[in-house]
Amino acid sequence: MKKYLISLFVFTLASSAAFAGDTVLVAGSNSAIGKLDKSKAAEYFLGKTTTLASGDKAIIVDQPSNAVSTSFLGAVIDKTPDQYKAYWSKMIFTGKGVPPKNLSSDDEVKKFVASNPNALGYISKSSVDSSVKVLLEP
Amino acid sequence: MKLRTPHLMCVLMLSMGLSQTASAQFKSDALRISGFGTIGIATSADSNYAFRSNTQQSVGTHRTWDMGVDSKFGLQANYALTDQISLVTQAVAKRKTEQDIEASVNWLYVRYSPNDSWSVLAGKMQSPFLALADSTNISYTYPWVRLPIEGYSFTNPESVAIRVDHRTKLKDFDITGFAFYGKADDVKNTKTNTVDYKPLWSIGVGTESDNLTTRLSYTKTTASATSPDITALQGCLTAKTRNAFGPGTCTTPQPFFAAASDGTNRVYAYTDAYVNYTYGNWQFISEAARTAFDAGINPYQQQFNTYFVSASYRVGKFTPYVVHGSLKFKGDTVETRGDRFFINPVFTSILSGSKSVQQSTNTIGVRFDAATNIAIKAQWDMIKRDPNTPGLLKIVPGAPKTTDGKTNVASVSLDFVF
């Protein structure tokens with residue numbers, strides 16, 4: 001039993017490590033949005049900054065709780081999807097903000113940011129193609 | 001609208017079932033409908049005192065499992081009129097005063113945010129007495145089954161107000177200051193006691209970084225508090241009903257005290273400090289508040305000092321936690337002022353009434369994040385009061401008066417948001 005638990009623990013750590021760094025923050029390839037640091041990206045996903053450097057309203061795109069969101073949110077804002085949901089629940093129900101738009105897959109995120117120059121979202125690194133440009137590799 | 005408590009279960013289950021659909025149906029770029037709720041049951045082994053989650057509830061649980069103490073359901077609509085202007089409204093159904101569930105519109109305000117630094121709110125909104133006041137009904141957002149009752153079981157009304165917030169960045173910290181001016185809703189604590197608030201003002205400052213959130217605020221208001229005791233006392237002291245309290249009480253008119261004890265224009269001042277610190281999987285939350293107020297009989301001044309400290313540690317989906325909460329009374333009583341001539345038992349009773357709510361609670365519990373929008377919690381509260389005093393609990397009519405001052409409460413809840 002003890003061996004099983006240790007193996008499970010090691011496997012869990014290894015799985016987490018495998019995801020870390022496998023996601024990227026992207027915008028459409030024709031977007032004017034420039035490179036971002038981790039701190040600025042966190043401000044967008046926590047609703048603390050809502051406008052781009054150009055002054056336009058930023059459209060932030062999220063994904064549901066999955067391996068990609070777990071990795072990205074953990075690396076950029078140091079929160080699990082559950083903690084992130086609790087954070088936004090508090091923001092919503094205290095009237096302080098509206099959470100990012102939720103899209104269900106890397107393909108949907110790419111399609112959306114490619115057609116919205118003010119949009120940014122995260123996808124797995126392996127999904128990057130010519131329709132998007134990378135703003136941050138956390 | 002009133003719902004019988006047993007019907008609440010049906011409403012909550014239906015709302016959970018419909019939640020995902022509703023969310024998908026109504027969400028659009030301009031309009032967003034969100035909801036939250038708690039299905040909770042609580043019980044206490046104490047047959048003398050009933051446990052309740054706030055002092056406005058005139059009934060609570062004692063020796064039975066009660067769904068009404070913690071259960072609630074709410075809906076919120078955010079409608080973006082423009083990028084800068086939005087309309088926010090929130091309605092909540094929960095047990096308020098009596099056994100029935102009451103639904104009411106808590107918030108209805110316009111928010112104007114010309115940029116990320118400034119925001120102005122105008123309309124009906126939460127009064128900012130305490131840091132977590134605007135999350136009271138959203139149990140999903142905090143670790144515990146309910147906010148620590150020593151700090152959060154007292155009146156915390158909504159206000160029709162205007163509020164201005166300004167946020168600025170200082171190195172790694174967001175600094176936010178606010179100013180608030182409004183008129184709080186009148187409160188009916190029981191069938192007979194009421195608090196009629198006059199305009200209140202509040203100022204505060206908060207900081208926020210990756211792992212540390214703090215808030216400091218000061219609120220001041222005046223209010224007229226009336227109750228049968230005070231009304232009868234006035235009559236007694238003005239010789240209208242001098243003998244109402246039996247031989248030995250109010251035997252002579254005392255107009256000075258009568259004029260000073262009509263319950264109007266009592267000054268209330270609230271000072272609050274809050275800190276939330278996260279270190280790895282640890283989370284520490286603490287809040288201390290002081291409520292200073294006229295005792296209703298000049299020149300007596302009294303105050304409540306409350307605090308709680310909480311520590312939790314996240315292990316995967318589980319977050320066990322411990323909390324210690326305390327409410328202490330400080331201020332003038334007949335004994336402390338040495339007014340030995342002042343033997344009117346009704347006065348004495350009113351002045352010592354505030355002292356009887358003193359209590360502390362030690363809590364252990366665990367939160368399980370069953371899904372991204374569902375949390376299940378189990379909690380055990382050990383409440384300790386001065387012997388033979390109710391603390392924040394409700395005296396069960398006809399119960400024996402002699403108790404050891406200890407009450408244990410078990411609670412299980414399911415919180416959800418959508």
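Any read-out appearing in this document is the output of simple, stated calculations on the displayed coordinates, not a laboratory observation. The structure presented is a predicted model; accordingly, all values stated were derived computationally and were not measured. Note that we place each Cβ from the backbone using ideal geometry, even for glycine, and neighbour counts take in every protein chain shown.
Once fully extended, how much extra length lies between A:Asn66 and A:Asp107, figured as 0.36 nm per residue of separation less the alpha-carbon to alpha-carbon distance? Intermediate values should be presented prior to the final figure.
Working: separation 41, 0.36 × 41 = 14.76 nm, distance 1.43 nm.
So the chain would gain 13.3 nm between A:Asn66 and A:Asp107.
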> For B:Leu81 and B:Asp100 in the same chain, what is the full-extension length gain: residue separation times 0.36 nm, less their Cα-Cα distance, in nm?
Replying inline: 3.2 nm
> Can you pull out the chymotrypsin sites (Phe, Trp or Tyr not before Pro) in the range B:81-117 that DSSP calls coil and that have at most 16 other Cβ atoms within 10 Å?
Replying inline: none
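Net charge near A:Lys85: determine it from the other residues with C-beta under 11 Å of the C-beta of A:Lys85, scoring Lys and Arg +1 and Asp and Glu -1. Don't skip to the answer; put the middle values down first.
On the way: positive: A:Lys79, A:Lys90; negative: A:Asp62, A:Asp82, B:Asp369.
Neighbourhood net charge equals -1.
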>> For B:Val366, project a label point 7 Å along Cα to C-beta. Then give me every residue of the range B:141-164 with its amide nitrogen under 18 Å of that point.
In response: B:143-146
>> Which residues among the range B:159-184 fall inside the zone where the amide N is under 12 Å from a point 7 Å beyond the Cα of B:Trp118, along Cα→Cβ?
In response: B:164-167
>> Over the range A:35-137, what is the relative contact order in percent, taking alpha-carbon pairs closer than 8 angstrom and at least six residues apart?
In response: 35 percent
>> Could you work out how much longer the chain between B:Arg290 and B:Phe173 gets when fully extended? Use 0.36 nm per residue separation minus the Cα distance between them, nm to one decimal.
In response: 39.5 nm
